[in-house]
1. Under a 5 Å amide H to amide H cut-off, with H placed in plane at 1.01 Å, what residues pair with ALA58 once short-range neighbours are removed?
2. Can you pull the percent of Cα pairs in the chain with separation above 29 Å?
3. Could you work out how far the C-alpha centroid of segment 164-229 sits from that of segment 367-422, in angstrom?
4. Nearest 500 deg cm²/dmol is fine: what mean residue ellipticity at 222 nm does the chain get from its DSSP H runs of n ≥ 4 alone, each adding -39,500 (n - 2.57), divided by its residue count?
5. Among 70-80, 29-39, how do they line up from the highest to the lowest mean number of other beta-carbon atoms within 10 Å?
6. Step through the residues of segment 345-362 one at a time and calculate ³J(HN,Hα) from phi using the Karplus curve (6.51 cos²θ - 1.76 cosθ + 1.60, θ = phi - 60°), rounding each to whole Hz and writing x for Gly and Pro.
7. Placing +1 on the Cβ of each Lys and Arg and -1 on the Cβ of each Asp and Glu in the chain, which of ALA121, VAL350, LEU65 has its Cα farthest towards the positive end of the resulting dipole?
8. Check cross-link reach from LYS95 to the aspartates and glutamates: straight Cα distance under 14 Å, and skip same-chain residues fewer than eight apart.
Amino acid sequence: MHHFYKKNGSLFCEQLKLDNLAEKYGTPLYVYSANTFREHYNKLNDTLAPLNPMICFAMKANSNLAVLRTLAKEGAGFDIVSGGELFRVLKAGGKAGKCVFAGVGKTDEEIAYALKEGIYAFHVESYPELEQINRVALKLKKVAPIAARVNPNVDADTHHKITTGTYENKFGIPFEEIPAFYAKASRLAGIKLRGVQVHIGSQITSVKPFAAAAKKMLPLVRTLKAKYGIEYFGMGGGLGIVYDPALESGSAAWWNKQKNPPLTPASYAKAIVPILKPLGLKVLLEPGRFISGNAGVLLAEVVHVKKTAKKNFVIVDAAMNDLIRPAFYESYHQIEPLTAKSGKAISSDVVGPICESGDTFCKNRPLPPLKAGDRVAFLSAGAYGFVMSSQYNSRPRAAELLVDGRKVVVARKRETLDDLIRGERAS
Ligand code: LLP
């Protein structure tokens, strides 16, 4: 469910041809679809209506102001992990009162900022952090609303770098310690117990780990509600998306690779609503990738095609500094030419110009024959794309566009050479 599609061989975003946008705004270029953001948010919100949901977009996935404003207008809250993210929410017109603040290492300054702005809750990850928040709150003569982030020790069955809910991970407070943690927190004058939360990982493509976490948490959440009058249970984010079209739901390849049906708002709701509805609590979700992943693409232009005895290297003007996911997680992004290409597919390595072999978007992938000047799109780049980009190799960062129907907003200008040295001095 997104607004990137092919018409007469050309790739479109909403009503605009991506090749025309690349021609006008240059490459590398991120292009986002406003209606995809809206629809993903609303679909999840509507499907989970029986749980009285509060959806806080995990803005670490995409924190462009125009994206945040689009979602804030639909009513979204935000899951933030730094003072910088709260600053962005406020600049975009979002409400602090709809923000939850996660992270294992919040600073005193960040806590004070969030308290002054009046966030909905801190998601607390340790005893030292509980004491720190209490201390900062008392100093400011405020009471900090909190929820403990519980580590339920449930395996999310995803990439090891994005698994967070087992005792091997640095996140959350161990499940068994939660009753004692709430007892202690309830005695602190600077703390108000508002909820309880879990987050088990990211890019989870089966409903099973979510259902397992919800089931495990149920008796504990009931007790906390009865004892402390908490008002919400947070199920975290982590809802996975389809990156590989060969795994598109229902295809034979899909069924071969996985035993479970694909994760959709409906399947997610079917798995968790029956477990959580009897709680009678507001359910808070923090999806990042589900809302933004398929709402954005990265456009690049082919600089050279280099053929060797072994390989067909397609060298493009985007690199690992623009989209690090393939280098970092060996992740898959579908690559599509922006206009129709004829000819037999060639097994190709698509690479960037950075001086590292890791600067590789794909290896030995059958792609239509491409030549210098052709343009391609990396699909599903709307989550953890631009936000993880850098200026490595002194490459100015890409521009970002937000398309809404026929309208285009330059949501972030392309950086210039001067941007590369802003704040530096030679002596
Ligand atoms: N809530 C918490 C507490 C999180 O740590 C995260 C993600 C989310 C929500 C949102 O997860 P999502 O719904 O987007 O899966 N850079 C990696 C993903 C890192 C996720 C970190 N935490 C990637 O590109 O795959």
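1. Answer set, sorted by chain and number: ASP79, GLY288.
2. 48 percent
3. Value for the Cα centre distance between the two parts: 38 Å.
4. Value at 222 nm, helices only, nearest 500: -8500 deg cm²/dmol.
5. Numbers: 70-80: 22.3, 29-39: 23.9.
Peptide ranking by packing, descending: 29-39, 70-80.
6. For segment 345-362, the Karplus curve yields 4, 10, 5, 10, 9, 9, 10, x, x, 6, 7, 8, 5, x, 7, 10, 8, 6 Hz.
7. Towards the positive end, the residue furthest out is ALA121.
8. Answer for LYS95, where 14 Å is the Cα cut-off: GLU74, ASP79, GLU85, GLU117, listed by chain and number.
The values are calculated or read from the model by the stated rules, or taken from the named source; none is laboratory data. Remember, predicted model here, so these are calculated numbers, not experimental data. No Cβ is skipped: glycine too gets one built from the backbone with ideal geometry, and neighbour counts run over all protein chains shown. These accessible areas exclude ligands, DNA and RNA; they are computed on the full protein's heavy atoms, side chains included. Shrake-Rupley method; radii C 1.70, N 1.55, O 1.52, S 1.80 Å.
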